[in-house]
Amino acid sequence: MSAGTATDLERARRSLRSTVIEPFKQIKFGLYVIGVSVAFVGICALMFVVAFNEQYNHVMTIFNVVDPSRQWELVTNDVFYTNAIRIGAMLALFIAVMFTMVFKLTHRYYGPLVSIERFVEQVTEGDYSVRCKIREKDELHDLVGKLNHMAEVLEGRHKQNRG
């Protein structure tokens with residue numbers, strides 16, 4: 001097996017691992033964000049339904065249009081169901097967009113933290129030649145640069161002490 005093939009294989013494994021395995025560690029954060037968002041939307045919807053119901057009852061009392069036992073027949077019609085489907089579809093779209101955003105953003109921040117954690121473990125074990133690498137799109141480039149500089153300094157000191 002050539003060096004290029006081994007490097008490509010390692011890169012594919014690392015890419016698969018960072019895309020498939022590590023996002024499961026992110027799910028807790030994602031569930032919090034989506035849960036809070038859905039709770040907020042639910043509370044807003046509940047407030048809207050309560051306000052609509054109070055307004056509806058107020059209008060029905062003033063004009064005495066419909067027998068109170070049949071009041072929902074006036075409201076639950078094709079327009080109501082069409083709007084309910086639209087609101088449900090928008091909620092599903094909102095959840096999908098939030099999930100995508102949470103996944104991408106946590107991947108940009110969590111991914112570098114995983115790389116930094118591995119780097120620190122290797123340096124702690126005495127491997128000063130290791131360098132931390134993160135993707136171009138990831139955050140924390142300044143920190144990674146400083147950690148790599150620290151590893152260079154430690155590697156230089158370690159070589160001086162040996163020599």
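The values are calculated or read from the model by the stated rules, or taken from the named source; none is laboratory data. The structure presented is a predicted model; accordingly, all values stated were derived computationally and were not measured. Reconstructed Cβ throughout: ideal geometry from the backbone, glycine too, with neighbour counts over all protein chains shown. Heads up: the accessible areas ignore ligands, DNA and RNA and are worked out on the full protein's heavy atoms, side chains in. Shrake-Rupley method; radii C 1.70, N 1.55, O 1.52, S 1.80 Å.
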task: Add +1 for every Lys or Arg and -1 for every Asp or Glu among the other residues with Cβ under 12 Å from the Cβ of LEU105, and state the total.
output: +1
- line: Ordering ARG131, ARG86 by the accessible surface of their heavy atoms, 1.4 Å probe, largest first, yields ARG86, ARG131
